[in-house]
Amino acid sequence: MFAALADDTRWQILQELGRADLSASALATVLPVTRQAIAKHLAVLAQAGLVEPVRVGREVRYRAIGSRLGETARALDAIGAEWDRRLAAVKRIAEG
C-alpha cells in the first residue's frame, strides 16, 4: 500500500477521487499525464485496495475507498508516535 502511495501521480489521483468519483479519461483532463498512464496508476491503486471501479452506464468511474485510507492514516500515526517516542529517548540520553 505504501508503495502505491509513494508516487506523486497516484497521490494526486487519490486527491481527485476524494472530491468525486471519476473515470480515467476525466482524471487525464486534470492531471498532466496520459489516459493510459492514469489507467496504469489506477490499477496499482486498485491492487493496493485504495480505489475501486464502479460501472456507471458505459463508463467506469473510480472511487477512493475511505476505510482503507483511514487504516493507512492510523498506521502512519502509529509509526510517527513511535518515532517521537524514540527521538525523545535519544534527547534524554544526549542531555542527560
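Per-structure values
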item: Which listed residue, of 64, 37, is open to solvent by less than 40 Å² (accessible area, probe 1.4 Å), at pLDDT 95 or above and not basic (Lys, Arg); result: 37
item: Where a residue in segment 70-96 is closer than 22 Å to residue 48 by Cα and part of a helix (DSSP H, G or I) and its partner, wherever it lies, is open to solvent by 100 Å² or more (accessible area, probe 1.4 Å) and at pLDDT 95 or above, with Cβ under 6 Å and at least six apart; result: none
item: Identity of the residue in segment 44-61, of a type in the set (A, V, I, L, M) and loosely packed, with under 13 Cβ neighbours inside 10 Å, that ends up farthest from residue 10 (Cα to Cα); result: 56
item: Some residue of segment 20-34 being assigned to a strand (DSSP E or B) and open to solvent by 30 Å² or more (accessible area, probe 1.4 Å); result: yes
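The values are calculated or read from the model by the stated rules, or taken from the named source; none is laboratory data. Worth saying up front: this structure is predicted, and the values here are computed from it rather than measured. All Cβ positions, even for glycine, are placed from backbone atoms using ideal geometry, and neighbour counts span all protein chains on display. For accessibility, only protein heavy atoms count, side chains too; no ligands or nucleic acids. Shrake-Rupley method; radii C 1.70, N 1.55, O 1.52, S 1.80 Å.
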